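Each value in this text was obtained by applying a stated rule to the coordinates, not by laboratory testing. The model shown is predicted, which means the values in this text are computed figures rather than measured ones. Backbone-built Cβ (ideal geometry, glycine too); neighbour counts: all protein chains shown.
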Amino acid sequence: MNMHHRKKITSTQIKARDEQPGPKHFEREVPWWKNSIVYQVYPRSFLDTNGDGTGDLKGITAKADYLYDLGVKTLWISPFFTSPMADFGYDISNFVDVDPIFGSLADFDELLKTMHSKDIKVVLDIVPNHSSDEHEWFQRSLRREEPYADYYVWADPKGFNDSGNPIPPNNWLSKFRGSAWEWREERGQFYYHQYHRKQPDLNFRNHRVQEEIKNVFKFWLDRGADGFRVDGLKHIFEVEDLNLDEPVDEEAGVEDNLHYNYLKHPFTMNQPETFELVRDWRKIMDTYQDKLLMAQAYSNDIQDVMKYYGNDTDPLADFPFNFCLVEKVQNRSDVTGTRLKKIIDEWFDNLPKGKWPNWVLGSHDYSRVASRLGADLVDALNMLTLLLPGTPVTYYGEEIGMQDADISWEDTKDPRARNFGPDHYREQSRDPRRAPMQWDATANAGFSRGPSTWLPVNDNYKTLNVKAQSEARVSHLKVYMTLARLRQERSFAKGKLAFPVVTDEVLAFIRYLEDEPKYLVVLNLSENDVVVDLHHHANLKLPPDASVITRSVSDKSEENSPGSKVNLSALMLVRGEGLVLQLPFAEEIE
Ligand code: NOJ
């Protein structure tokens with residue numbers, strides 16, 4: 001980009017941009033979750049209070065002050081319901097009770113009371129697609145006991161092979177590898193499992209099943225839960241005709257014909273009936289006051305994802321998680337300003353009218369930011385997701401830049417990884433990002449006083465932990481807290497958005513609102529220290545200088561220290577640095 005490309009954006013142009021689909025203008029009264037950070041806790045790994053090596057509900061309650069100080073207003077807890085733990089809580093054998101490893105219903109009530117007293121909402125993880133095979137419904141279904149006989153997706157074999165073994169009804173694959181069909185001699189039929197074989201899919205074509213799950217929603221809402229994250233939503237329905245094979249995905253180039261990505265999935269994903277179901281759930285939620293419904297329903301086709309929002313007259317989920325910054329940003333070389341801008345635009349441009357964006361950097365399913373993309377980018381990416389308009393979702397530990405733990409085959413617990421065997425488990429394992437939270441430098445990182453922990457603690461805990469970062473003058477944690485505080489300001493909560501500079505190296509955005517402070521966020525996404533002339537690249541008029549509010553911890557320079565005035569024609573940024581600047585008050589964004 002050179003000087004000639006620089007154009008002035010007039011206020012009419014800004015207005016015109018506002019009128020494009022998507023909330024370019026954010027000034028309106030908003031429900032609590034719109035200006036809140038959603039913080040995800042994986043309960044096995046947050047804090048263990050009874051020394052058994054696994055985290056528990058009391059541990060989460062004990063950290064209420066931490067969450068409060070962090071500036072988190074919404075806590076999403078991964079499943080803590082009764083479970084044989086084949087998929088660590090995502091295989092539920094009683095949807096309306098707490099697994100003893102995590103505590104009791106009384107502990108849940110206490111957690112809720114404590115969080116509410118600090119104005120923190122609590123969102124639960126509901127898993128409607130499947131139950132555990134140890135759930136009473138499944139056991140009774142196996143025996144064809146009514147009314148449970150059709151609670152799951154059962155199918156006759158297609159035939160029998162030469163050795164007399166039953167052949168599954170179709171070629172559908174499990175996301176955890178291998179056939180999605182499991183034979184049960186007792187019934188003389190196969191059952192379908194999208195995930196682990198201990199996670200049989202519920203049959204949502206059976207209205208009783210629909211009622212059962214609605215009752216689960218109501219149970220937790222009546223207990224005071226503030227909303228739900230719905231797990232695996234896009235897989236709830238399969239086509240009715242179970243004789244249909246899914247086509248091979250030639251473009252994916254996957255050789256392992258037992259790998260989920262070997263096939264395309266037109267018959268097991270995003271079926272139209274799903275949306276009717278979500279509509280019913282929405283109605284239930286809306287009979288309570290102000291509840292949040294977040295959907296896990298990511299697909300590569302953004303249109304498929306957007307459908308989960310519904311629209312103004314037909315609201316469905318409040319938002320489907322936006323995993324684009326994870327799925328489309330898989331390694332360091334994917335992190336360029338141009339690419340991130342494209343990803344951000346894509347979400348805004350496809351967002352149904354009146355709907356709210358969200359930004360996710362990680363979860364219990366994805367490699368941590370510091371390991372996937374680089375420790376140098378931790379602060380810059382937190383700046384991006386916390387300061388863009390929309391709800392950011394932070395996975396526990398990302399506020400201190402935790403890294404994936406190195407976990408041996410012997411220590412590997414993730415059922416998906418175990419299905420791939422000792423030679424390939426590393427590519428598949430989700431354990432590294434589920435390692436215990438690093439609270440301090442004491443044994444087990446202060447996570448547990450027991451002799452061992454369910455997954456090993458990352459070796460780096462002695463230096464990388466919450467206590468060290470709270471005591472340090474500058475740290476990821478402190479940057480995060482500053483961002484959490486800043487995003488409460490009207491300029492961020494309700495302000496407009498403009499991108500003055502977008503190059504491969506640098507992404508800059510402005511958040512502004514009339515009569516409010518204006519902020520410029522500049523991210524150096526390159527792998528080099530740079531000196532940028534923002535004026536040279538800018539597509540709108542920028543003032544000569546601005547003052548530093550906060551910056552990435554890796555920048556130790558005097559020039560960029562908070563409170564300093566920096567020259568926007570020669571802005572120095574270290575590799576991966578993010579800088580939040582305040583523009584002079586009188587300055588118009590033109
Ligand atoms: C998606 C969850 O995020 C993942 O962790 C889990 O294994 C599957 N759904 C099955 O519930």
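Starting with the fewest neighbours, write out His536, His196, His259 ranked by other beta-carbon atoms found within 10 Å of each beta-carbon.
His536, His259, His196
Using 0.36 nm per residue, how much length does the chain from Ser117 to Thr463 gain when fully extended, once their Cα-Cα distance is taken away?
121.3 nm
Just to be sure I follow: if Rg is taken over the C-alpha atoms of segment 112-258 and Rh is the Kirkwood radius over the same atoms, what is Rg/Rh?
1.06
Among Phe275, His265, Ala252, which residue has its Cα positioned farthest towards the positive end of the charge dipole of segment 249-298, with +1 placed on the Cβ of Lys and Arg, -1 on the Cβ of Asp and Glu, and the dipole taken about the Cα centre?
Phe275
List the residues whose amide H sits under 5 Å from the amide H of Gly310, counting only those 5 or more places along or on another chain, with H placed 1.01 Å from N in the peptide plane.
Close amide H contacts, sequence-distant or interchain: Leu316, Ala317.
What is the antiparallel percent of DSSP beta bridges lying wholly in the chain, to the nearest 5?
In the chain, DSSP labels about 65 percent of beta bridges as antiparallel.
Below 18 Å, Cα to Cα, which lysines can Lys355 reach? Residues fewer than 8 away in the same chain don't count.
The qualifying lysines are Lys24, Lys34, Lys283, Lys291, Lys307, Lys494, Lys496.
Quick query: amide H of Lys518 versus all other amide H atoms, modeled in the peptide plane; which residues come in under 5 Å with a sequence gap of 5 or more or a different chain?
Counting only residues 5 or more places away or on other chains, the set is Leu583.
Could you pull out every one of the aspartates and glutamates with an alpha carbon less than 12 Å from that of Lys413, ignoring same-chain neighbours closer than 8 positions?
Asp87, Asp431
Along each of the three principal axes of the Cα atoms of segment 463-504, give the extent in whole Å, ordering the values from largest to smallest.
Largest first, segment 463-504 extends 38, 30, 13 Å along its Cα principal axes.
Provide the packing ranking of 227-234, 512-519, 173-180, i.e. peptides ordered by the mean count of other C-beta atoms within 10 Å per residue, highest first.
227-234, 173-180, 512-519
For Val248, what residues show an amide H to amide H distance below 5 Å, using hydrogens built from the backbone and excluding near sequence neighbours?
Close amide H contacts, sequence-distant or interchain: Lys264.
For segment 370-447, taking Cα atoms only, what is the radius of gyration to one decimal and the Dmax to the nearest whole Å?
Values for segment 370-447 (Cα only, Rg and Dmax): 14.9, 43 Å.
Can you flag which of Lys328/Lys467; Lys121/Lys214; Lys63/Lys341; Lys121/Lys341 are past 25 Å Cα-Cα?
Among Lys328/Lys467; Lys121/Lys214; Lys63/Lys341; Lys121/Lys341, the Cα-Cα distance tops 25 Å for Lys328/Lys467; Lys63/Lys341; Lys121/Lys341.
Kindly give the semi-axes, whole Å and largest first, of the ellipsoid equivalent to the chain, taking each as the square root of 5 times a Cα gyration tensor eigenvalue.
42, 27, 24
Give the value in nm², to one decimal: projected area of the alpha carbon convex hull of segment 484-590, averaged over all directions.
So the Cα hull casts an average projection of 6.2 nm².
Explain nothing, just the number: dipole magnitude of the chain about its Cα centre with +1 on each Lys and Arg Cβ and -1 on each Asp and Glu Cβ, in debye rounded to the nearest 20.
Dipole magnitude for the chain comes out near 1560 debye.
Order of Ser132, Ser408 from fewest to most other C-beta atoms within 10 Å?
Listing Ser132, Ser408 from fewest to most nearby Cβ atoms yields Ser408, Ser132.
Give me the one-decimal nm value for the distance between modelled label points at Arg223 and Asp345, 7 Å along each residue's Cα-to-Cβ direction.
Between Arg223 and Asp345, the simple spin-label model gives 4.6 nm.
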